[in-house]
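*Asks:* Would you mind keeping the following structure in view while I ask a few things?
The values are calculated or read from the model by the stated rules, or taken from the named source; none is laboratory data. As the structure is a computational prediction, the values presented were derived from the model and not from experiment. Ideal geometry is used to build each Cβ from the backbone, glycine not excepted, and the neighbour counts take in all protein chains shown.
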Amino acid sequence: MQNPEYVRIKDKKYKINTDFRIALKCNEIAQDTTISDTERGLAIIYLLYGDAGYDDKENRQELLNLAVKYLKCGDDEVEKLNEKPDMDLIQDYRLIEASFRSDYGINLTKENMHWWDFYTCLNGLTDKCVLNRVRDIRTCDLNTIKDSKERNRIKKLQKQFSLKEKEIPLTANQKEAHDKFYELMGITEKE
């Protein structure tokens, strides 16, 4: 499949901002729970299609659907929800940059790469690159390591390279229910 440059809805054609940095920003926005679903959708539409997409109120839902398909690189496969992620595009960006330099000789700070090309390259990185070595550490099953010194070393590395949990802020109703629960349970110190 060819890398898309446009999406078409009915007789309208919308130019996509295909720079991989825009797609990374869209990914960041999609994960930001501090803003509403509507705001996230509008931000993604604006980033990908500019004013033409943002101003087209009639086709916003279809533009958003096409944006999601574009950001998934045309892959409609359902994500594995139970699988713990071993990489985060935002948190691991420096590792991604270093890996692109070592494996491909590509300097991402100077490169204007299509999102789909970026994603293909990301998935094609060698096992020797720093990103994939860190991913291996994150997913290493400590139970398979017999030597206690090696197991402790890997355990420390897993802690060092662990992905930071994204804190999800509570809504006012959730906070009230949370506080009421602690009060009813007689718990004074909240963790």
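*Asks:* Taking the residues in segment 1-20 that are among the acidic types (Asp, Glu) and out of contact with any helix residue (DSSP H, G or I) (no Cβ under 9 Å at 6 or more places or on another chain) as candidates, determine which candidate is modelled with the lowest pLDDT.
*Replies:* Within segment 1-20, the match that is modelled with the lowest pLDDT is ASP11.
*Asks:* Give, as residue ranges, the helices (runs of 4 or more DSSP H) completely inside segment 104-191 that count at least 1 residues that are modelled with pLDDT under 80.
*Replies:* 172-185
*Asks:* Continuing with the same structure: Quick one: ILE35 ticks every box in (1) in a loop (DSSP other than H, G, I, E, B); (2) within 30 Å of THR139 (Cβ to Cβ) bar one, so which box is it?
*Replies:* (2)
*Asks:* Tell me yes or no: at least one residue of segment 83-103 is under 16 Å from ILE22 (Cα atoms), modelled with pLDDT of 95 or more and of a type in the set (Ser, Thr, Tyr).
*Replies:* yes
*Asks:* Determine the pairs where a residue that is in the same structural domain as ALA43 (by TED's automatic domain parsing) and in contact (Cβ under 8 Å) with a residue 40 or more places away in the chain, located within segment 1-29, has a partner that is β-branched (Val, Ile, Thr) and outside any helix (DSSP H, G or I) with Cβ atoms under 6 Å apart, the partner being 6 or more residues away or on another chain.
*Replies:* As it stands, the answer is TYR14/VAL7; GLU28/ILE90, since those pairs meet every condition given.
*Asks:* Suppose the filter is acidic (Asp, Glu) and touching a residue at least 60 places away in the same chain (Cβ under 8 Å); does ASP88 pass it?
*Replies:* Here the answer is yes, as ASP88 does meet what is asked.
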